[in-house]
Every structure is written in structure tokens, then in C-alpha cells.
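One structure is given here, and the rest of the page talks about it.
Readers should treat all values here as calculations from the given coordinates under stated rules, not as data from a laboratory. What you see is a predicted model; the values in this text were computed from it and never measured. For neighbour counting, all protein chains shown are included, and Cβ atoms are generated from backbone atoms with ideal geometry for every residue, glycine included.
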Amino acid sequence: MGQNLSLSEKFASTSKATLAPWDREADIILGVIWACCLYGIGAIWCTVGLLRRWSGHHEEREINIISLLAAFLLSSGWPVILVYFAMSNRA
């Protein structure tokens, strides 16, 4: 025990975690896929929120394909819509 604590030669430090190039590329791709999935979930959630908001309290107005496409198009900027929902009194 403790034999190698006072070595005078330099040795390579293994404390720094490094990734192989193919692992680094795979991690980047995985991160991008996760970000796209979260963005898609947010867009769908905001689309449903917009459609619920446009249909009224007791669903007085019918939702058609045009309003669905408009809600989906508007929800592509879903962080702005979340701010809009937060600023309005009805979500």
C-alpha cells in the first residue's frame, strides 16, 4: 500500500474524462434529437392550448382544419405563446 505515492516520473492523468470522436458525434446527435423532441412537445402543447382558447369556454365555436393549421403554424414559436398564456388571465 502506498508504494506509488512518491513516484518521481511523470505519468498521464486519467482524471479528465474524454470521449472518442465517434462518441462525441453520437452525443451531439443525441442532444439535438432530445432538443427537437422537446421543441415538438412544446409546439403540440401550445397548439392544443390555442385551439382550446379559440373554441371558447363551452366550445361555442367549432374547430376546423384552417384553425388547426393556423394554431400549428403559430405554435412553432411556442416560447412566445407560453409568455402570452402566462400574461393573459385565461390559459
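Computed values, structure above
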{"item": "Flag for Ile44 being touching a Ser or Thr at 6+ places or on another chain (Cβ under 9 Å), without any contact (Cβ under 8 Å) to a residue 60 or more places away in the chain and exposed (fewer than 14 other Cβ atoms within 10 Å of the Cβ)", "result": "yes"}
{"item": "Residues of region 59-91 classified as free of Cβ contacts under 8 Å to residues at least 40 places away in the same chain and either under 17 Å from Ala43 (Cα atoms) or in a helix (DSSP H, G or I) (or both), total", "result": "22"}
